[in-house]
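Every read-out reported here was derived from the displayed coordinates using simple, explicitly stated rules and does not represent laboratory data. Quick caveat: nothing in here was measured; it's all calculated off a predicted structure. Ideal geometry is used to build each Cβ from the backbone, glycine not excepted, and the neighbour counts take in all protein chains shown.
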Amino acid sequence: MNCWSAGLRTPDTGLRTFASAFILIFSVCLGGCAVRRPPQPAPPPVALPSAQELLTKLDARRQSLTSLRGLARVVYTDPHDRGTAKQAVAVVAPDQFRLELFSPIGIMSLITCDGRALVAYFPREKTIYRGAATPLNVARFTRVMLSARDIASLLLGLPPVLPRDSAVGTVGFDADRGWVRLDFPLPGGSTFVLWFAQQTLLLTRWEMLASDGTLLARVSLADYRRVNDQDFPFEIALSDPQGKQEASVYYERVELPPHLPDSLFTLAPIAGAQEVDVDALAVE
């Protein structure tokens with residue numbers, strides 16, 4: 001889980017894949033001289049769901065959201081860079097993904113992961129990078145330090161892990177947001193927090209907190225829409241406050257759950273393209 005708290009600048013290979021970032025729009029409307037009352041906190045529900053109920057609902061979503069194909073606008077921001085682009089996304093749980101980043105003149109980059117090997121192809125440079133599907137190699141080309149499983153879960157709108165023991169979970173209610181909150185202590189003193197909409201109990205956010213309460217990582221989910229009889233978040237935003245990274249996926253089209261062959265998540269050698277062993281470069 002510590003990979004969620006690590007920010008990383010991509011090594012300067014001259015080739016960068018933009019992931020995604022938060023866009024927050026605040027509007028303040030002032031009308032006449034009327035004094036507006038501050039919004040009132042949401043009333044708590046008559047009865048809060050149990051930790052077991054919430055985990056059972058999440059587990060059911062994980063069982064049903066096993067694959068995805070879609071088109072998204074992705075945005076990425078860090079202290080040194082910002083970018084946005086269209087991207088085709090394909091995912092199969094638990095750890096397979098394919099990301100095609102488009103430019104005005106064609107495919108800018110293609111990243112495939114079959115859960116074991118990661119491949120990044122840059123057509124303009126005629127170069128293919130291959131390496132193990134480690135968080136470090138994932139970060140080289142997606143700019144976020146996550147495992148292949150974490151990437152797949154993120155793109156499916158699911159938390160990276162589900163706590164097993166509901167007995168240690170604490171359920172509360174955040175009146176300011178109107179959300180149900182579920183806290184789980186983790187080894188080392190950190191806390192995993194899940195937030196749910198009060199009426200639907202759909203997941204709206206999850207956070208990783210350090211032992212002193214410092215926010216290490218946050219993922220927010222919004223704009224749920226019905227797709228093939230399932231509620232799916234069309235906005236997924238990842239924030240790493242420590243690394244000052246923000247990344248978001250704004251889906252434009254989503255297909256659930258498509259049948260995707262394993263061959264989609266591998267890349268054979270391409271005539272005329274140079275092959276680079278990323279793992280060998282790391283050793284040098």
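Region 113-153 and region 170-223 have Cα centres spaced 29 Å apart. Summarising the amide proton neighbourhood of Gly169: residues at separation of 5 or more, or on other chains, whose placed amide H is nearer than 5 Å comprise an empty set.
Which FRET efficiency value, to the nearest 0.05, do you get for Val168 and Asn228 by plugging their Cβ-Cβ distance into 1/(1 + (r/R0)^6) with R0 = 30 Å? With a Förster radius of 30 Å, E is 0.30. Listed by chain and number, the aspartates and glutamates whose C-alpha is less than 14 Å from the C-alpha of Lys126, apart from same-chain residues fewer than 8 away, are Glu275.
Classify region 142-284 as rounded, prolate or oblate from the Cα gyration tensor: take a ≥ b ≥ c as the square roots of its eigenvalues, call it rounded if a/c is under 1.5, otherwise prolate when a/b beats b/c and oblate if not. Oblate, because a/c is 1.5 or more while a/b does not exceed b/c.
Here Asp277 and Arg124 are evaluated by their C-beta separation; at R0 = 22 Å the FRET efficiency comes out at 0.60.
Of all aspartates and glutamates in the structure, those lying under 13 Å Cα to Cα from Lys57, and not within fewer than 8 positions of it along the same chain, are Asp231. Protection proxy ranking for 259-266, 48-55, using the average of other Cβ atoms within 10 Å per residue and placing the highest first: 48-55, 259-266.
For region 161-166, putting each phi into the Karplus relation 6.51 cos²θ - 1.76 cosθ + 1.60 with θ = phi - 60° gives couplings of 9, 10, x, 8, 9, 5 Hz, in residue order, rounded to whole numbers and with x for Gly and Pro.
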